[in-house]
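Novice: Pasting in a structure now, in structure tokens, and then I'll have a few things to ask.
The values are calculated or read from the model by the stated rules, or taken from the named source; none is laboratory data. This structure is a prediction, so every number in the text was calculated from the model and none was measured. Quick reminder, even Gly has a Cβ in these numbers, built from the backbone with ideal geometry, and neighbours come from all protein chains shown. These area figures cover heavy atoms from the full protein model, side chains too; ligands, DNA and RNA do not enter into them. Shrake-Rupley method; radii C 1.70, N 1.55, O 1.52, S 1.80 Å.
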Amino acid sequence: MTVQGVVNTPQAIGKNRTTEYTIGIYFGVPVEVSWQYCNETKRVHLLLQCIRHLEIYGLEQEGLFRTAGSVDDIQDLIDKFDRGVSIELSEYDIDVVCGLVQAYLKALPQSLIPQELFAAVLAIGLMEDENTKITTIVNLLNSLTYVKKAVLHKVFFLLNAIYGKRDVNRMNSSNIAICLTGKIIFFPEYPPEANMQTIFEETAIVQTAIVAMIENFDQIFRSIDYST
């Protein structure tokens with residue numbers, strides 16, 4: 001699917017899990033495709049606009065990503081961004097911008113950390129030695145596409161900044177991970193007969209890996225190879 005094809009097929013439907021999106025520039029579109037489109041058209045990617053806005057105006061707001069924003073306002077932003085309408089994020093509540101980020105990540109056809117790496121992330125969460133954990137995370141991230149590495153850098157830069165203001169915004173690394181882990185890496189579809197205790201345990205373990213990425217942002221992301 002070409003970028004032009006994505007932008008010019010407004011009736012196409014992109015499905016992600018249980019949500020449907022009319023495909024435009026961003027929602028339901030692979031991050032590599034929207035990233036390329038933004039580079040070619042000199043746009044600032046939706047995710048980068050949101051991250052920058054939250055860095056400037058949102059870091060001290062209590063409950064970032066935990067407090068729900070207006071569903072109508074989030075949908076309004078989705079529609080406008082997908083049609084290429086110029087947006088002033090300052091006209092919307094911070095919680096709405098956070099909700100837009102979560103909606104965007106959820107709508108990706110493939111999560112930023114691909115689902116096929118779920119078992120590897122689970123293994124990282126079980127590691128007790130912090131240095132081994134960090135080295136393994138670096139190796140895992142280096143296996144991703146350049147765009148996914150670059151986007152994850154931006155996302156975790158923001159999450160680390162939120163973590164740095166935890167005494168004000170009440171969002172420690174565990175709280176952040178609870179809100180965003182399932183958006184950063186999609187969980188497998190468990191069978192109906194799956195043990196709920198196992199699901200809860202695996203969720204907590206994967207969140208532990210995301211916590212490590214938040215708390216050790218500098219050490220991890222300065223070791224990433226962005227040349228490929």
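Novice: Looking at region 137-144, can you tell me whether even one residue there is under 20 Å from Ile51 (Cβ atoms) and either surrounded by fewer than 20 Cβ atoms within 10 Å (Cβ to Cβ) or touching a residue at least 40 places away in the same chain (Cβ under 8 Å) (or both)?
Specialist: Of the residues in region 137-144, the ones under 20 Å from Ile51 (Cβ atoms) are 141, 144.
Checking which are either surrounded by fewer than 20 Cβ atoms within 10 Å (Cβ to Cβ) or touching a residue at least 40 places away in the same chain (Cβ under 8 Å) (or both) leaves us with 141, 144.
Yes, region 137-144 contains at least one residue that is under 20 Å from Ile51 (Cβ atoms) and either surrounded by fewer than 20 Cβ atoms within 10 Å (Cβ to Cβ) or touching a residue at least 40 places away in the same chain (Cβ under 8 Å) (or both).
Novice: Of the conditions (1) at pLDDT below 95; (2) over 27 Å from Thr41 (Cα atoms), Leu64 fails just one. Which one is it?
Specialist: (1)
Novice: Separate question: Can we say Lys148 is of a type outside the set (Asp, Glu) and under 23 Å from Pro30 (Cβ atoms)?
Specialist: Numbers: of a type outside the set (Asp, Glu): yes; under 23 Å from Pro30 (Cβ atoms): yes.
In short, yes.
Novice: Could you check region 197-212 and list, in sequence order, the residues that are under 10 Å from Thr181 (Cβ atoms) and not hydrophobic (A, V, I, L, M, F, W, C)?
Specialist: Thr203, Gln207, Thr208
Novice: Filter region 77-98 for residues that are within 18 Å of Tyr26 (Cα to Cα) and surrounded by fewer than 16 Cβ atoms within 10 Å (Cβ to Cβ) and give the result. Break it down stepwise before answering.
Specialist: Within region 77-98, the first condition is being within 18 Å of Tyr26 (Cα to Cα), and the residues that meet it are 77-89, 96-98.
Across region 77-98, the qualifying residues are Asp79, Lys80, Arg83, Gly84, Val85, Ser86, Glu88.
Novice: Step by step: first the residues of region 99-123, then only those that are under 15 Å from Ser34 (Cβ atoms) and either part of a helix (DSSP H, G or I) or hydroxyl-bearing (Ser, Thr, Tyr) (or both), then the one that is most open to solvent (accessible area, probe 1.4 Å). Which residue is that?
Specialist: In the first step, residues of region 99-123 are kept if they are under 15 Å from Ser34 (Cβ atoms); the result is 100-101, 103-112.
Next, from what is left, pick out any that are either part of a helix (DSSP H, G or I) or hydroxyl-bearing (Ser, Thr, Tyr) (or both): 100-101, 103-107, 111.
Numbers: Leu100: 0, Val101: 9, Ala103: 17, Tyr104: 0, Leu105: 4, Lys106: 72, Ala107: 1, Ser111: 1 Å².
My answer is Lys106.
Novice: Additional query: Please return the ranges of helices (runs of 4 or more DSSP H) entirely within region 144-198 where 1 or more residues are among the aromatic types (Phe, Trp, Tyr) and at pLDDT 95 or above.
Specialist: Of the helices (runs of 4 or more DSSP H) lying wholly inside region 144-198, those with at least 1 residues that are among the aromatic types (Phe, Trp, Tyr) and at pLDDT 95 or above span 146-164.
Novice: Another one. Select, from Ala194, Ala209, the only residue that is open to solvent by less than 80 Å² (accessible area, probe 1.4 Å), more than 21 Å from Ile134 (Cα to Cα) and not hydroxyl-bearing (Ser, Thr, Tyr). So that I can check it myself, show each step before the final result.
Specialist: On the way: Ala209 fails: more than 21 Å from Ile134 (Cα to Cα).
Answer to the check: Ala194.
Novice: Determine whether region 99-111 contains at least one residue that is over 16 Å from the mean Cα position of the chain (by Cα) and not polar (S, T, N, Q). Quick ask: steps written out before the conclusion?
Specialist: Applying the first criterion (over 16 Å from the mean Cα position of the chain (by Cα)) to region 99-111 yields none.
No: region 99-111 contains no residue that is over 16 Å from the mean Cα position of the chain (by Cα) and not polar (S, T, N, Q).
Novice: Return yes or no: is Leu59 open to solvent by less than 10 Å² (accessible area, probe 1.4 Å), touching a residue at least 24 places away in the same chain (Cβ under 8 Å) and more than 21 Å from Lys149 (Cβ to Cβ)? Walk me through how you get there before you give the answer.
Specialist: Values: open to solvent by less than 10 Å² (accessible area, probe 1.4 Å): no; touching a residue at least 24 places away in the same chain (Cβ under 8 Å): yes; more than 21 Å from Lys149 (Cβ to Cβ): yes.
Judged against the criteria, Leu59 is not a match.
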